[in-house]
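The values are calculated or read from the model by the stated rules, or taken from the named source; none is laboratory data. In this text, all values refer to a predicted model and were calculated from it rather than measured experimentally. In this analysis, Cβ positions are derived from the backbone assuming ideal geometry, glycine residues included, and neighbour counts consider all displayed protein chains. Calculation scope for accessible area: heavy atoms of the full protein, side chains included, ligands and nucleic acids excluded. Shrake-Rupley method; radii C 1.70, N 1.55, O 1.52, S 1.80 Å.
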Amino acid sequence: MSLFGYKNEEEFKEKCGYEIEGSWFPRVTRIVSIKSKPALHYFYASINSYAEGERIKELSADEGTRIHEAAQDILVGKKPTIAKDIAPAIKAFREFIADRSIEVEPNSIERRVVNYKEKFAGTIDVLALINGRLGVMDIKTSKAIYRDYNLQAAAYMATLMEEIKDLETKWILRIDQHRVCQKCGAVLREKGGRKKISNGWPNDYRFRNCVHEWGPVEGKVELKEFPFWEMDYEGFLGAKKLWEWENQDWLKKIGYL
């Protein structure tokens, strides 16, 4: 196989995994990246150039990171300074958790976990107790909750099950923001400097012919539980085998295989 993509072994190890107690482990997020993402392909097809796509992704990632970090701080009782551009999302998040029983230990935020049996590692967003049930909570700032997210969360569940006996479930917490047309209900989402209009009923004449009147930016928060993680974990292990096949030359060079 080609070794294209990395300058040397050290760069491969840094970008694809963690060095832990003298051993190297591939990271969960890098492993699941091997899966095809049709929505991402559609995104690149809809813009002018690859460079533009990378710029949008970089700006989107920055916004997502700031929302992500602010949410984690709020969950453990901190009072972070919130930038104006993400304030609607954080306002909605504060209101969302005010009505729910969510408990988080500060030392569970961004906790590194290692699966020595299957040889991978990752970093969980939050270990949360929600309505009396303990589980892994993954925070996303995407347009929707995608099925792919379950692969990552299931890998963390499988890793922590032996250590935490009362671990029961996993959740995906989505925090986003958008504007809604006051006339037809269409949604305008701006991320990374790119504006995208969508509607649940694209063939509805009201949407197709509407001269949109956009309301203020408002936050959107969604919490979804996925208690049946075993099959997702099998999917993750399958992705790991494919990722190892794709990168076998590098993995042999660094002594992982």
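Any idea which residue in the stretch 154-191 is most open to solvent (accessible area, probe 1.4 Å), counting only those that are among the acidic types (Asp, Glu) and within 17 Å of residue 124 (Cβ to Cβ)? Step through it out loud before you land on a result.
Going through the stretch 154-191, the residues among the acidic types (Asp, Glu) turn out to be 162-163, 166, 168, 176, 190.
Filter once more, so that each one left must be within 17 Å of residue 124 (Cβ to Cβ): 162-163, 166, 168.
On the way: 162: 140, 163: 113, 166: 94, 168: 84 Å².
Here the answer is 162.
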Go through (1) farther than 26 Å from residue 115 by Cβ; (2) open to solvent by less than 40 Å² (accessible area, probe 1.4 Å); (3) touching a residue at least 60 places away in the same chain (Cβ under 8 Å) for residue 74 and report which single condition fails. (3)
Filter the stretch 35-55 down to the residues that are among the aliphatic types (A, V, I, L, M) and open to solvent by 50 Å² or more (accessible area, probe 1.4 Å), then identify the one that is nearest to residue 198 (Cα to Cα). 39
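Checking the conditions here, which among 143, 117 is free of Cβ contacts under 8 Å to residues at least 40 places away in the same chain and in a loop (DSSP other than H, G, I, E, B)? Explain how you work it out, then say what you get.
Numbers: 143 fails: free of Cβ contacts under 8 Å to residues at least 40 places away in the same chain.
Just one listed residue meets the conditions, 117.
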Being loosely packed, with under 15 Cβ neighbours inside 10 Å and not in a helix (DSSP H, G or I) is the filter here, so list the residues in the stretch 226-248 that pass it. 227, 228
Scanning the stretch 166-194 residue by residue, those within 22 Å of residue 210 (Cβ to Cβ), assigned to a strand (DSSP E or B) and more than 19 Å from the chain's Cα centre (by Cα) turn out to be 179, 180, 181, 187, 188, 194
Filter result (modelled with pLDDT under 90 and of a type in the set (Lys, Arg)) within the stretch 176-190: 183
Residue that is modelled with the lowest pLDDT [pool: residues in the stretch 85-121 that are under 26 Å from residue 131 (Cβ atoms), under 21 Å from the mean Cα position of the chain (by Cα) and open to solvent by 70 Å² or more (accessible area, probe 1.4 Å)]: 105
Selection from the stretch 40-57 of residues among the aliphatic types (A, V, I, L, M) and in a loop (DSSP other than H, G, I, E, B) yields 47
